[in-house]
Structures are given as structure tokens and as C-alpha cells.
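Comments concern the structure below.
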Amino acid sequence: MGVDGSAVPILPNPNEPQNLVPGHKRAYWAFHFNAAFDLINRYYLVFQTQSACDKNENQAALDFVHRYDHSGIPIGIGERLYFSYELATQIHQAGHKFLFRMKPRNCEALLPPGHPLNQEIDIVSSRKLIHSQKAFTKSRPDEYKYVPKGSVSLITPDHPELEFSYRIIIVEIESQNEETGEVVKTIEYLLTNLSEDEFSTEDIKELYHLRWGIEVSFRDLKTVLNTEQVHSRSQNLIEQEIDAAVMVFNLISAIAKCASPR
């Protein structure tokens, strides 16, 4: 299940300034579309739109976790900006699985002390998440991980420590430059609660590679189903256009899956 978001350009409407995005060079008008996407069957499981000023991809992902009502155990796959201890612990609490790409600084805090960021690794470990910083916990970074107060809702006065088990993977991934054709090697940092018994390092790499499917779905939604050129100006009507486009996308996916190949 790919989890991601994408901006949807809309027509200017001074009566609804909540959709005006300042931008670095010039302002523009947009909605933000968030979705959880079935990467195998290629259809949207759940989605929501947010106004530009209310854009909060992490909150949308949390909502998707709580609203998930399909069969099976989902594996939520998210980009670096989606990682948070709140989202990871809520996914685990719901009995689901997660796979996040991480920023190097976030990864470093969960690695064994002294392990370099450019050296491959695949280990299972754990930290006790806490809101307070004391001399005892500061002296044991391999056991405790400080998180800001209020950032992890499962940490409460009655339960001041939260056991966070995880599997952290550093791998070198090869990709091809689309313009030059040259092979490019990058170090990627992945965090998951998938077990080593069921998913090898290569399996994890392939799972994360599947995440690109949601990016392709956004492209199809915008260009093929034309959500880049919405006809309405009011937020309510624009949301209806996007709803209709998603329904058509899912219908096409269902028909394509049922069609017998020649």
C-alpha cells in the first residue's frame, strides 16, 4: 500500500484564499490530494483532499491507518517525509506493517553506536521511546530514544516508555540515469517492522521499488483523467470532480484486471 500526496492545480478563486500557495517565485492555487494506493491491484483504497493551508500529509496517513477496513495485513510504504514515530507506532499498534525510506539523520539515531552511514546493514533492534531527558537515559542512546513531548500519543503519564521494535536496513541501490543511461549508485536507508524470516533484504528493496506505482497513478489521474484542468472554482465542486476521477480510475483498473489478455 503506497501512501503519498500530490498537489492538484486549480483555478484562482479570491473568495477561497485557503487554497493560495505563496510559493518561492510566485503564488499559485492548488489542492492537496492524499491517498493510500493498492500497489498490486492498482486502485485507490482511500483518499482525501486538503486545502493548501491545511496540507498535512502525515495526519492524512494517520487517518488512513485508522480507516483501513480491507482484508489482510497491509504494508504501508512511504517516502522519507512520511516517517514519524507517531505514524510508525500507530501502524504497529493497528497490527499493520510499515516500510519507510529514511533521512540519514533519522537513521543514525537508530543504528548501533559507531556504525557508519555508508556501510550496508540489516539488523533487528529496539529503543524505548521517552519524552523526558535525564542523565541516565542520555547515557544509554542504544536503549532509549528521546522524542518531543506530545509527538507520540501512545506515550502517556501512565505509560512513560514505549517499546519500539524495528528493523533497519542500509543498502546500495543501482538506478539508471534517464538522460545519460549511466548507472547511478545511491545509499538508501529503510525502516520496517517486517520480519527477516518472511522478507529478505532483496525482498525489502523490491517492496520499496513497488512504491513508484502510486507516483504513476498520480500521473494518470492528472494527465489521462484530466484532474490537472478542473473546471470548477469552488472547493466543494472541485472535490466532487476529484472524487469522480478517482472512481473512474478504480473502475478502469477493475475492468483491466478482469479483461482476458489476447
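The values are calculated or read from the model by the stated rules, or taken from the named source; none is laboratory data. Quick caveat: nothing in here was measured; it's all calculated off a predicted structure. We place every Cβ from the backbone using ideal geometry, glycine too, and count neighbours over all the protein chains shown. The accessibility values were calculated without ligands, DNA or RNA, using every heavy atom of the protein model including side chains. Shrake-Rupley method; radii C 1.70, N 1.55, O 1.52, S 1.80 Å.
Filtered by the rule that a residue be within 23 Å of Glu86 (Cβ to Cβ) and hydroxyl-bearing (Ser, Thr, Tyr), region 156-208 gives Thr156, Ser165, Tyr166, Tyr189, Thr192, Ser195, Tyr208. For region 38-55, a residue qualifies if it is of a type in the set (A, V, I, L, M, F, W, C) and assigned to a strand (DSSP E or B), and the qualifying residues are Leu45, Val46, Phe47. Among the residues of region 82-105, which ones are touching a Gly at 6+ places or on another chain (Cβ under 9 Å) and open to solvent by 20 Å² or more (accessible area, probe 1.4 Å)? Within region 82-105, His96, Lys97, Arg101 meet the criteria.
Since Glu163 meets every condition but one in (1) closer than 25 Å to Asn118 by Cβ; (2) part of a strand (DSSP E or B); (3) of a type in the set (D, E, K, R); (4) open to solvent by 50 Å² or more (accessible area, probe 1.4 Å), which condition does it not meet? Of (1) closer than 25 Å to Asn118 by Cβ; (2) part of a strand (DSSP E or B); (3) of a type in the set (D, E, K, R); (4) open to solvent by 50 Å² or more (accessible area, probe 1.4 Å), only one is false for Glu163: (1).
Suppose we keep only residues that are more than 22 Å from the chain's Cα centre (by Cα) and charged (D, E, K, R) within region 202-238. Which one would you say is least open to solvent (accessible area, probe 1.4 Å)? The residue in question is Glu228. Scan region 112-138 residue by residue and report those that are touching a residue at least 40 places away in the same chain (Cβ under 8 Å), open to solvent by less than 100 Å² (accessible area, probe 1.4 Å) and not in a strand (DSSP E or B). Matches in region 112-138: Leu117, Gln119. For region 147-196, the set of residues classified as under 30 Å from Ile130 (Cβ atoms), among the charged types (D, E, K, R) and more than 20 Å from the chain's Cα centre (by Cα) consists of Lys149, Asp158, Glu161, Glu163, Glu196, listed by residue number. Residues of region 206-230 being farther than 19 Å from Ala88 by Cα and in contact with a Leu (Cβ under 8 Å, 6 or more places away or on another chain), which ones? Within region 206-230, Leu210, Gly213, Ile214, Thr227, Val230 qualify. Taking the criterion of being more than 15 Å from Glu188 (Cα to Cα), in a loop (DSSP other than H, G, I, E, B) and either touching an Asp or Glu at 6+ places or on another chain (Cβ under 7 Å) or open to solvent by 40 Å² or more (accessible area, probe 1.4 Å) (or both), the residues of region 67-81 that qualify are Tyr68, Asp69, His70, Ser71, Gly72, Ile73. Listed by first and then second residue, the pairs linking a residue in region 8-24 that is under 16 Å from Asn236 (Cα atoms) to a residue that is in a loop (DSSP other than H, G, I, E, B) and of a type outside the set (Ser, Thr, Tyr), with Cβ atoms under 6 Å apart and 6 or more places separating them unless they lie on different chains, are Ile10/Val230; Leu11/Arg233; Asn13/Arg233; Leu20/Ala27. In this entry, Phe199 passes the filter for residues that are modelled with pLDDT of 90 or more, surrounded by 13 or more Cβ atoms within 10 Å (Cβ to Cβ) and part of a loop (DSSP other than H, G, I, E, B). Of all positions in region 7-26, at least one carries a residue that is modelled with pLDDT under 90, loosely packed, with under 15 Cβ neighbours inside 10 Å and among the basic types (Lys, Arg).
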